[in-house]
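The values are calculated or read from the model by the stated rules, or taken from the named source; none is laboratory data. Computed from a prediction, not measured in an experiment: that's the story for all the values here. Note that each Cβ is placed from the backbone with ideal geometry, even for glycine, and that neighbours are counted across all protein chains shown. Remember, those area values only see protein heavy atoms, side chains included, never the ligands or the DNA or RNA. Shrake-Rupley method; radii C 1.70, N 1.55, O 1.52, S 1.80 Å.
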Amino acid sequence: NAAWWAEVRAVVGGLGEEQRRGLELRHAEALRWSAAYAPSLLQADRAGLLAIMTERLDKRSRQTREAPRGRQARSEKLRDWADRMSWGDALTLVVVDDAVRSGGVLGLLFEQVDLDRKDTTTEYGGVLEATEGDAHRVVLFRPRARDRLNDEMFVASTDMIRFSDRALAHYHLQVQDKRMSREAGPSDGDLVYASASGRTCLVFTSIGSDTLNADFYTPDGEIVDLGLLIQP
């Protein structure tokens, strides 16, 4: 990772006070990628980045996760988390949102959905990463046999953790059934995983035969519903 770290250090060295506040290792790849392919994002302040996402989200349809009986539903709206989000969070949100809607990612994602539905021993997941140029991909890591606990749980392998040093985010699929609208969003266990791993995370939930809902969540418990993704 030496060359990657050199790029990251160079970017961080040029950041201002607001940009450095709350910066964590999980933000590093979004910083590096932005410097190389979307430098205008690094010129935006926190409010500017949040405004970019607000404008995007206002135009999208979304599916909110239902709360268990007797509990209040967690907000998945950006406006309810904006005051808590750092500049690094806001930048990562914009970059991840671009990535999950890119053609390469969507194609691979729906291929993995088909594989997951045929395998009833586990959920599938992996890492979202940048590839050559400004492109992105989702890299699948099938859980090992000992970690296939049931069809409603994804256990990240040690191989996945080691591979993900330079990843934008970890992700997993909730696609056991084609229509899982009530489960669209991170569960309690998903939020615990994000906190324990210190990683930005995504969950993709099936809400139709060719439609997923994407949710972004952080180790601090912030959740932003990114809206629907349609199979290309």
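For T200, the residues whose modelled amide H falls within less than 5 Å of its own, excluding neighbours fewer than 5 places apart on the same chain, are H170.
Relative to the longest principal axis of the Cα atoms of the chain, helix 188-197 runs at roughly 40 degrees. When ligands, DNA and RNA are left out and all protein chains stay put, how many square angstrom of accessible area per residue does the chain have with a 1.4 Å probe? I get 48 Å² per residue for the chain. Here the stretch 70-127 exposes an accessible surface that is 47 percent carbon and sulfur, computed with a 1.4 Å probe and the other protein chains kept in place. Here the calculated FRET efficiency for T158 and V12, from their Cβ-Cβ distance with R0 = 25 Å, stands at 0.30, rounded to the nearest 0.05. Farthest toward the positive end of the dipole of the chain, out of V94, G14, G221, is the Cα of G221, where the dipole comes from beta carbon charges about the Cα centre. Counting only Cβ charges, +1 for Lys and Arg and -1 for Asp and Glu, the dipole size of the stretch 106-232 around its Cα centre is about 340 debye.
Work from the charge dipole of the stretch 1-136 (Cβ charges, +1 for Lys and Arg, -1 for Asp and Glu, about the Cα centre) and give the residue of A130, A67, A28 farthest towards its positive end. Value computed over the given set: A67. For the chain, the share of alpha carbon pairs falling in successive 5 Å distance bins from zero is 1, 7, 15, 19, 21, 17, 11, 6, 2, 0, 0 percent. Dipole size of the chain about its Cα centre, with +1 on Lys/Arg Cβ and -1 on Asp/Glu Cβ: approximately 240 debye, rounded to the nearest 20. With respect to the chain, whose longest principal axis is taken over its alpha-carbon atoms, helix 2-13 is tilted by about 60°.
Ranked by the mean number of other Cβ atoms within 10 Å per residue, highest first, peptides 9-16, 68-75, 107-114, 197-204 order as 197-204, 107-114, 9-16, 68-75.
Backbone amide hydrogens, once placed in the peptide plane, bring Q174 within less than 5 Å of F204, T205, S206, excluding anything fewer than 5 places away on its chain.
FRET efficiency for the pair D134 and N1, taken as 1/(1 + (r/R0)^6) with r the Cβ-Cβ distance and R0 = 22 Å, rounds to 0.65. Helix 103-118 axis versus longest C-alpha principal axis of the chain: approximately 30°, rounded to the nearest ten. Based on the Kirkwood approach, the hydrodynamic radius assigned to the stretch 1-46 is 10.8 Å, with every pair of different Cα atoms included.
Taking a ≥ b ≥ c as the square roots of the Cα gyration tensor eigenvalues, with a/c under 1.5 meaning rounded and otherwise prolate when a/b beats b/c, else oblate, which class fits the stretch 66-114?
On the way: a/c = 4.29, a/b = 1.28, b/c = 3.36.
It comes out oblate by the Cα gyration axes.
Measuring r between the beta carbons of Q72 and I230 and using R0 = 35 Å, the FRET efficiency lands at 0.70. Note: the stretch 117-232, Cα convex hull, 115 Å³ per residue.
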